[in-house]
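The values are calculated or read from the model by the stated rules, or taken from the named source; none is laboratory data. Bear in mind the structure is a predicted one, so any value in this text is a computation, not a measurement. Cβ: placed from backbone, ideal geometry, glycine included. Neighbour counts: every protein chain shown. Surface areas here come from the heavy atoms of the whole protein model, side chains and all, with no ligands, DNA or RNA. Shrake-Rupley method; radii C 1.70, N 1.55, O 1.52, S 1.80 Å.
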Amino acid sequence: MNFSKAECFRDDKMLTKTMHSAFEKFIAMRQDKPAEYLAKYVNYRMCSGNRALSEEQMDAMMDKIIVIFRYLTSKDMFESFYRKDLAKRLVMSKSASSDSEKAMVLKLKHECGTSYTNRMEQMFVDIDMSQSLVSDFKSRIGRGSGKRIDMTVSVISTAVWPTMNALKVAYPPQMTEIKKKFDLFYKETHSGRNLQYHANWGTCVISATMGNGDSKEITASELQAICLLLFADPSV
């Protein structure tokens with residue numbers, strides 16, 4: 001389209017204005033849907049399960065996304081959808097590239113200002129601090145102590161992250177022990193703060209020995225892992 005406009009119409013200003021008006025009109029006709037679909041497309045491209053793009057390809061793709069973003073009338077709705085998807089990618093370690101995630105937020109910041117992306121930027125800070133916190137915790141309990149569970153925790157602030165509905169879960173003894181140790185460790189340096197675990201956002205890798213003696217690693221959600229561990233308890 002840009003080639004045709006430049007070569008055939010010599011970048012006619014009236015044509016350019018008419019094209020912009022047409023895009024604004026048909027995008028506004030769907031109210032919040034374009035914002036939702038654009039956020040979903042970004043999530044699809046940013047997830048680690050998709051084929052990785054080169055740095056140049058990723059940057060070009062984000063520039064195209066920003067072009068469409070400019071036409072959105074409901075930019076606040078896009079921020080809401082985008083932040084929810086970003087939260088899942090960060091907490092569940094599904095991002096293809098941390099650098100790409102930050103670059104996309106920076107482009108949004110250039111378009112809409114600091115107030116628009118402030119909560120997104122703080123989410124990255126929480127994740128970085130959590131990694132340092134978990135590293136200190138693992139050093140405290142000792143890597144070579146023969147512990148059966150290796151736990152990684154993302155400690156996030158409810159003020160900047162999307163609302164997460166916590167489920168009341170009865171953790172098995174294998175998980176309860178390490179969870180209590182982390183609680184005590186956290187309260188030593190963060191007095192007055194309470195941790196609330198969100199089992200529906202967690203993932204687990206379970207090492208299992210089958211009946212025939214074969215060893216398997218099973219990747220599951222935290223809720224699935226809790227159910228599977230019941231099969232390891234002979235009293236159940």
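How far, in degrees from 0 to 90, does helix 55-71 lean away from the longest principal axis of the Cα atoms of the chain, to the nearest 10?
Roughly 60 degrees, rounded to the nearest 10.
May I ask you to evaluate 6.51 cos²θ - 1.76 cosθ + 1.60, the Karplus curve with θ = phi - 60°, for each residue of region 216-232 and list the ³J(HN,Hα) values in order in whole Hz, giving x for glycine and proline?
The phi angles translate into 9, 10, 10, 8, 8, 5, 4, 5, 5, 5, 4, 5, 5, 5, 5, 6, 8 Hz.
List the residues, sorted by chain then number, that are 5 or more residues from T203 or on another chain and whose placed amide H is less than 5 Å from its amide H.
E222
Using a 1.4 Å probe, how large is the accessible area of M210, given in Å² and rounded to the nearest 10?
80
So for Y171, Y82, what's the accessible-area order with a 1.4 Å probe, most first? Could the numbers behind the result be given before it?
Details: Y171 50, Y82 0 Å².
Order by accessible area, largest first: Y171, Y82.
Return the calculated 222 nm mean residue ellipticity for the chain, to the nearest 500 deg cm²/dmol, obtained by summing -39500 (n - 2.57) across DSSP H runs with n ≥ 4 and dividing by the residue count.
Calculated at 222 nm, the ellipticity per residue is -19500 deg cm²/dmol.
For the chain, what does the accessible surface come to per residue with a 1.4 Å probe? Please give it in Å².
Details: 15790 Å² over 236 residues.
Result: 67 Å² of accessible area for each residue.
Sorted by accessible area with a 1.4 angstrom probe, largest first, how do R83, R30 fall? Each step should come with its number before you reach the end.
On the way: R83 25, R30 130 Å².
Final ranking, largest accessible area leading: R30, R83.
Please determine, in degrees from 0 to 90 and to the nearest 10, the orientation of helix 13-28 with respect to the longest principal axis defined by the Cα atoms of the chain, where the helix direction is its Cα long axis.
Helix 13-28 sits roughly 40 degrees off the main axis of the chain.
Mind grabbing the accessible area of S157 for me, 1.4 Å probe, Å², rounded to tens?
About 50 Å², ignoring ligands and nucleic acids.
Between K181 and H20, 0.36 nm times their residue separation minus their Cα-Cα distance comes to what?
Values: separation 161, 0.36 × 161 = 57.96 nm, distance 5.82 nm.
52.1 nm is the gain from fully extending K181 to H20.
What does the accessible area of S80 come to, in Å² to the nearest 10, when a probe of 1.4 Å is used?
Roll a 1.4 Å probe over it and S80 shows about 40 Å².
How large a share of the accessible area of the chain, in percent, is made up of carbon and sulfur atoms when the probe is 1.4 Å and the other protein chains stay in place?
Details: 8210 of 15790 Å².
Looking at the chain in its full context, I get 52 percent from C and S.
Treating the angle as unsigned and between 0 and 90°, give the value, to the nearest 10°, between the Cα long axis of helix 75-91 and the longest Cα principal axis of the chain.
The helix 75-91 is inclined about 30 degrees to the chain.
Give a residue-ordered list of calculated ³J(HN,Hα) values for region 126-136 (Karplus: 6.51 cos²θ - 1.76 cosθ + 1.60, θ = phi - 60°; whole Hz; x for Gly, Pro).
4, 5, 4, 5, 5, 4, 5, 5, 5, 4, 5
Round to the nearest 0.05 the FRET efficiency obtained for M151 and I66 when R0 = 35 Å and r is the Cβ-Cβ distance.
Details: r = 38 Å, r/R0 = 1.09.
Efficiency computed from Cβ-Cβ geometry: 0.35.
Taking a threshold of 28 Å on the Cα-Cα distance, which of the pairs K40/K187; K84/K181; K84/K109; K107/K138; K109/K181 fall above it?
On the way: K40/K187 38 Å; K84/K181 30 Å; K84/K109 17 Å; K107/K138 36 Å; K109/K181 39 Å.
Checking Cα-Cα distances, K40/K187; K84/K181; K107/K138; K109/K181 exceed 28 Å.
Report the Stokes-Einstein translational diffusion coefficient (µm² s⁻¹, integer) for the chain, Rh taken as the Kirkwood radius over Cα pairs, at 25 °C with viscosity 0.890 mPa s. Before the final figure, lay out each step's value.
Working: Rh = 21.3 Å.
Translational diffusion coefficient: 115 µm²/s.
If you average the sequence gap of Cα pairs under 8 Å that are 6 or more apart and divide by the length of region 38-124, what percent do you get for the contact order?
On the way: 52 pairs, mean separation 34.7, N = 87.
Answer for region 38-124 is 40 percent.
Need one number: nm distance between label points at S93 and C227, each 7 Å from Cα along Cα→Cβ, rounded to one decimal.
For the pair S93/C227, the computed spacing is 2.3 nm.
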